[in-house]
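Have a look at the structure that comes next, please.
The values are calculated or read from the model by the stated rules, or taken from the named source; none is laboratory data. What you are looking at is a predicted structure, and each value in this text was computed from that prediction instead of being measured. Counting neighbours? That spans all protein chains shown, and the Cβs are built from the backbone with ideal geometry, glycine included. For accessibility, only protein heavy atoms count, side chains too; no ligands or nucleic acids. Shrake-Rupley method; radii C 1.70, N 1.55, O 1.52, S 1.80 Å.
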Amino acid sequence: NYFSHFPSKIYVIRGQRKGRGGTYAATSIHRIGKPTFRPLDYSEKAGYVRGLIKEIKHDPGRAAPVAVVEFRHATKFKRVKCLFIAAEGLYTGQFIYCGKNAKLTIGNVLPIGKMPEGTVVCNLERAAGDRGAIARATGESCVIIGHNPENGTTRVKLPSGTKKTLKSSCRAMVGVVAGGGKIEKPMLKAGANYWKFKAKGRKCWPRVRGVSMNPVDHPHGGGNHQHIGFSSCRSRTAPKGKKVGLIGARRSGRVRGGNSNAARILKNDIKEKNL
């Protein structure tokens, strides 16, 4: 029989079911849009562009408020609206300026090479022209540490504390992302958390532990007493059905003691990342 060679059920673990969703569920129906900078053009590279904040909105699934900014079109007689992540202190009717000649005031967008050391910025570009990738969550910010004019690079301290070297032509908004006190309010009940994560449009809460599942549902499932039974480290190239636990871990276990071998390895890893 042709069908005897195939199992009656195909078991797929949670990691394989993750993704952008099916063809029927529109997870972004209530979203306003992705907040990004203006596309990098000549007017920003040579001077500056002025924009007007028309409105400050709430974006469902995002704690930080979003500012609707209106600019003149570069080549046509019309106006263009862009969505920016709002920095702390922005208000409706405020003019903001984008470009290398813009002043260093909250809400303006400049290349990080034009900012002095110690400037607090948000929505930082990882590569020039990608329109913002780092420090976009509510209350987050980066700090300019130093410049290297010879290489055209700038040293930045990220929200995690890691120091990263970026091109001085990468843009960032001056200030801290608004809504920083949002996470200080306690959830108090599971129902509040349910609606919070439901607005994000993807199944990410509650998260069931793998050891509490059956063997068909998760590689860590099954067995008497909830335990994994083997190393939780997994290769970066593992197949999707087995890719759970610590993916591509450099090391595992607790870091104990300041001068231990594990702590030395961890410090070296951090130093390599900084370089």
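Helix 261-274 against the longest principal axis of the chain: what's the angle in degrees, Cα atoms only, rounded to the nearest 10?
The angle comes out at about 40 degrees.
For ALA127 and LYS203, what does the FRET efficiency come to when R0 = 35 Å and r is the distance between their Cβ atoms, rounded to the nearest 0.05?
Values: r = 31 Å, r/R0 = 0.90.
Between ALA127 and LYS203 the formula returns 0.65.
For the pair GLN226 and TYR11, how long in nm is the line joining their label points, each one 7 Å along Cα→Cβ?
1.9 nm
Given Cα pairs under 8 Å that are at least 6 residues apart, what percent is the relative contact order of the chain?
About 15 percent, as a whole number.
Follow-up. Just to confirm, what accessible area per residue do you get for the chain at 1.4 Å probe, in whole Å²?
Value returned for the chain: 66 Å² of accessible area per residue.
Using DSSP loop states and a limit of at most 13 other Cβ atoms within 10 Å to flag chymotrypsin sites (Phe, Trp or Tyr not before Pro), what is the longest stretch of the chain containing no flagged site?
92-229
Exceeding 32 Å between C-alpha atoms, which entries from my cross-link table qualify? They are LYS103/LYS182; LYS45/LYS200; LYS18/LYS57; LYS196/LYS240; LYS78/LYS198; LYS157/LYS182.
Violating the 32 Å Cα-Cα cut-off are LYS45/LYS200; LYS78/LYS198.
Follow-up. What is the set of long-range amide H partners of VAL177 at a cut-off below 5 Å, with H atoms built 1.01 Å from backbone N?
Excluding prolines and chain starts, which carry no amide H, the hits are GLU88, GLY139, GLU140.
Counting only protein heavy atoms, what percent of the accessible surface of the chain is carbon or sulfur at a 1.4 Å probe?
54 percent
Which one of GLY180, VAL208, SER252 is farthest out on the positive end of the charge dipole of the range 148-264, using unit charges on Cβ (Lys, Arg +1; Asp, Glu -1) and the Cα centre as origin?
Value computed over the given set: GLY180.
Now for a separate question. Pull up the cross-link candidates among the aspartates and glutamates for LYS189, meaning alpha carbon to alpha carbon under 15 Å and not fewer than 8 places away within one chain.
By straight Cα distance, LYS189 reaches no aspartates and glutamates at all.
Within the chain, which is the longest segment containing none of the GluC sites (Glu not before Pro) that sit in a DSSP loop and have at most 16 other Cβ atoms within 10 Å?
For GluC sites (Glu not before Pro) (loop position, at most 16 other Cβ atoms within 10 Å), the longest site-free span of the chain is 151-275.
How far apart, in nm, are two points set 7 Å out from the Cα along the Cα-to-Cβ line at LYS185 and at ARG236?
Between LYS185 and ARG236, the label points sit 4.1 nm apart.
Compute the distance in nm between two label points, each set 7 Å from the Cα along the Cα-to-Cβ direction, one at GLU55 and one at LYS196.
Going by the 7 Å Cα→Cβ label model, 2.7 nm.
What aspartates and glutamates sit close enough to LYS34 to cross-link, taking a C-alpha to C-alpha distance under 18 Å and skipping anything fewer than 8 places away on the same chain?
Candidates past the 8-residue exclusion: GLU55, ASP59, GLU70, GLU125, ASP130, GLU140.
Now a separate question. Show the residues, 5+ positions off or on another chain, whose built amide H is closer than 5 Å to the amide H of VAL80.
Amide H neighbours of VAL80: PHE71, ARG72, HIS73.
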